[in-house]
Structure formats: C-alpha cells, structure tokens
Amino acid sequence: MNVLDRFRLDGKVAVVTGGNRGIGRAIATAFAEAGAAVAIAGRDEKRNERAVAELVAAGADAMAMRADVTSRADLTALRDGVTERLGPVDILVNNAGIGIHGESLSLSDEDWDRVLATNLDAVWKASQVFGAAMVERGAGAIVNVGSMSGMIINRPQWHAPYAVSKAGVHHMTKSLAAEWAPHSVRVNAIAPGYTKTEISDIDRPEYRHYWIDEVPMRRYAQASEIAPAALYLASPASSFVTGEVLVVDGGYTLW
Ligand code: NDP
C-alpha cells in the first residue's frame with residue numbers, strides 16, 4: 001500500500017463534536033477530503049447546517065445533528081442517529097470545548113462546573129457512549145482535542161479550570177488507550193497551541209508578546225494546520241500509536 005493511502009479514510013464513518021466551526025470544522029473537512037463520511041455535532045443548528053452544506057457541496061457524505069456534549073442523552077442519540085444514517089462510527093473526535101479567562105479567586109463554582117462539564121466530563125461521556133460500540137466491534141479510533149494548556153501554564157491570561165480540564169483530557173486519553181488497546185480501539189489526543197478561531201483572543205494587542213513573539217515560530221496556527229495531526233491519529237497511518245498526545249504548537253512548549 002502506498003504510504004499516502006494509509007492516511008485515507010475511505011469507507012469510514014467519523015463524528016466530530018464541535019464540528020461546525022474552528023478546529024473541529026477544519027478536522028471535519030480534512031476527514032471528508034480523506035474519504036470519510038462525516039457527522040458534525042454542535043448546539044447551534046444554523047452553523048451546523050452551514051458547515052454540512054459546505055461539506056456536501058465539496059462532494060462529501062455529511063450530516064449534522066444538534067447535540068450538547070454535556071448531555072449523555074444527546075450523545076446517545078447522536079451515536080444512534082449517525083449509526084442509522086451513515087453506519088457504525090469508526091472515528092470519534094472529541095473536539096467541542098470552551099474556555100474562560102479569569103483569576104482563580106474571581107471564578108465561581110458555576111464557571112468551574114461549566115468548563116469541566118464541557119471540556120472533561122463530556123469527553124468521558126462521549127468516550128463511553130461511542131467507545132462501548134467500538135469495543136464491541138473490536139475497532140475504532142478516538143482523537144481527543146486537548147491543549148498545550150494541559151502541559152504548561154499560559155501567560156498572561158489565567159484560566160485554571162481550562163488548564164485542568166485539558167490536563168485531564170490528556171490523562172484520560174492514556175487511561176482509555178491502555179484499557180481498550182486489547183480491543184483494537186486506539187485513543188490519542190492532539191494538543192494544539194494558539195490557533196486562530198472564535199475561542200481565542202489571538203488578535204488582542206496585550207497578548208501579542210506572549211502569544212506570538214514567544215512562540216519559536218513567531219506566529220499562531222490556522223485551524224487547517226491542526227487538522228492533519230488529527231487525520232494522522234484517526235487513520236491507519238498511526239495504526240501502532242495509542243495513548244499519544246501530539247503537540248502542534250509551533251514550538252511554544254519547548255521553552
Ligand atoms: P470554537 O469556539 O471556534 O469552537 C468550539 C466548538 O465547540 C463549536 O463548534 C461549538 O459549537 C462547540 N461546542 C462548545 N460547547 C459545546 C457543547 N456543550 N456541546 C456541543 N458542542 C459544543 O473553538 P476552537 O475551534 O478554537 O476549539 C476547538 C477545541 O480546540 C476546543 O476543545 C479547544 O479547547 C481546543 N483548543 C483550541 C485552541 C485555540 O487556540 N483555538 C488551542 C488549544 C486547544 P456550538 O456553539 O454550536 O455548540
């Protein structure tokens with residue numbers, strides 16, 4: 001097999017949470033270009049529809065379902081809906097996430113709960129809901145979107161709940177990878193650095209020094225530069241890789 005063929009996802013069914021914009025959308029597009037049938041899930045139905053329309057216009061087999069990843073019932077309905085329309089899910093990308101900045105002494109219990117519920121608890125729930133079917137079939141790949149924030153402490157913004165949630169995602173990735181490896185279900189993560197999307201305050205002048213000048217590559221990423229790392233971990237190209245957290249940060253965590 002040609003090595004490039006190992007990156008193809010022909011005949012595979014992929015679900016990307018938070019696939020209607022940003023990094024998730026870039027991943028959904030990349031997977032569709034690699035030949036997968038792709039389902040995206042988010043809460044904003046208009047954005048879901050727009051993203052799917054673009055994928056379909058580009059020739060992809062694509063669908064969207066409204067789902068709040070914090071709801072186990074929504075995740076179960078998503079798995080069942082996608083399985084019915086596209087077939088059993090081969091690839092799950094746990095990408096949906098939120099971030100809030102704030103000094104720790106100013107954050108409320110609600111702030112903590114909201115970030116952890118979306119960024120960590122939801123990854124656990126989705127991994128159980130989709131992972132159960134993968135373990136039963138003896139095949140599957142889960143790619144979690146962690147963050148370099150799960151490895152280092154960012155400056156100048158404070159966001160302890162976010163950082164903790166992403167560190168948890170990385171360790172959950174390793175835990176589930178070890179547990180499900182005998183069932184041929186691989187679990188990996190990507191840890192992006194600063195990437196231009198709606199979640200990131202990337203163009204704020206007061207962040208420039210820390211977020212751009214201190215990056216060895218002296219720039220932030222486009223979402224399209226993150227997607228190929230997810231494709232590698234989702235595809236047969238990484239068939240012997242599990243429990244890995246692949247950093248894609250322009251060198252930020254090197255210092
Ligand atoms: P965006 O804000 O652009 O997109 C977030 C996506 O998540 C949206 O599609 C949103 O859809 C979805 N989402 C949020 N909450 C929920 C929910 N409860 N249920 C379902 N979907 C939800 O963010 P990014 O693309 O920047 O971030 C994507 C991932 O990458 C996140 O996990 C983030 O932490 C991570 N990351 C981002 C970095 C960056 O610099 N941008 C750096 C490192 C990691 P909707 O609102 O319709 O529900």
Inter-residue pairs, beta-carbon under 9 Å, first on the phi > 0 side of the Ramachandran plot and in the range 25-44, second more than 8 Å from the ligand (Cβ to nearest atom) and basic (Lys, Arg), 6+ apart: 35/8; 35/12
Residues within the range 199-255 that are outside any helix (DSSP H, G or I), basic (Lys, Arg) and more than 13 Å from the ligand (Cβ to nearest atom), tallied: 1
Unique match (being among the acidic types (Asp, Glu) and surrounded by fewer than 16 Cβ atoms within 10 Å (Cβ to Cβ)) among 244, 206: 206
Whichever residue in the range 60-79 is touching a residue at least 40 places away in the same chain (Cβ under 8 Å) and open to solvent by 50 Å² or more (accessible area, probe 1.4 Å) and, among such residues, is nearest to residue 91 (Cα to Cα): 79
Test: residue in the range 83-92 that is touching a residue at least 12 places away in the same chain (Cβ under 8 Å), surrounded by 20 or more Cβ atoms within 10 Å (Cβ to Cβ) and within 11 Å of the ligand (Cβ to nearest atom): no
In the range 159-189, the residues that are open to solvent by 30 Å² or more (accessible area, probe 1.4 Å), within 16 Å of the ligand (Cβ to nearest atom) and not small (Gly, Ala, Ser): 162, 164, 171
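State all residues of the range 1-19 that are within 16 Å of the ligand (Cβ to nearest atom) and not polar (S, T, N, Q); if no residue qualifies, say none. Talk me through it step by step, then tell me what you get.
The initial filter retains those residues of the range 1-19 that are within 16 Å of the ligand (Cβ to nearest atom), namely 14-19.
Of everything in the range 1-19, those that are within 16 Å of the ligand (Cβ to nearest atom) and not polar (S, T, N, Q) turn out to be 14, 15, 16, 18, 19.
Report whether or not residue 101 is surrounded by fewer than 17 Cβ atoms within 10 Å (Cβ to Cβ), within 14 Å of the ligand (Cβ to nearest atom) and over 18 Å from residue 23 (Cβ atoms). Lay out the reasoning, then the answer.
Values: surrounded by fewer than 17 Cβ atoms within 10 Å (Cβ to Cβ): yes; within 14 Å of the ligand (Cβ to nearest atom): yes; over 18 Å from residue 23 (Cβ atoms): yes.
So residue 101 passes the test.
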Of all residues in the range 20-43 being more than 6 Å from the ligand (Cβ to nearest atom) and among the charged types (D, E, K, R), the one that is most open to solvent (accessible area, probe 1.4 Å): 33
Pair list, Cβ under 8 Å, 6 or more apart: the range 209-236 residue open to solvent by less than 20 Å² (accessible area, probe 1.4 Å), other residue polar (S, T, N, Q): 221/195; 223/195; 223/197; 226/195; 227/29; 233/188
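The values are calculated or read from the model by the stated rules, or taken from the named source; none is laboratory data. Computed from a prediction, not measured in an experiment: that's the story for all the values here. Positions of Cβ are backbone-derived with ideal geometry, glycine not excepted, and every protein chain shown enters the neighbour counts. These accessible areas exclude ligands, DNA and RNA; they are computed on the full protein's heavy atoms, side chains included. Shrake-Rupley method; radii C 1.70, N 1.55, O 1.52, S 1.80 Å.
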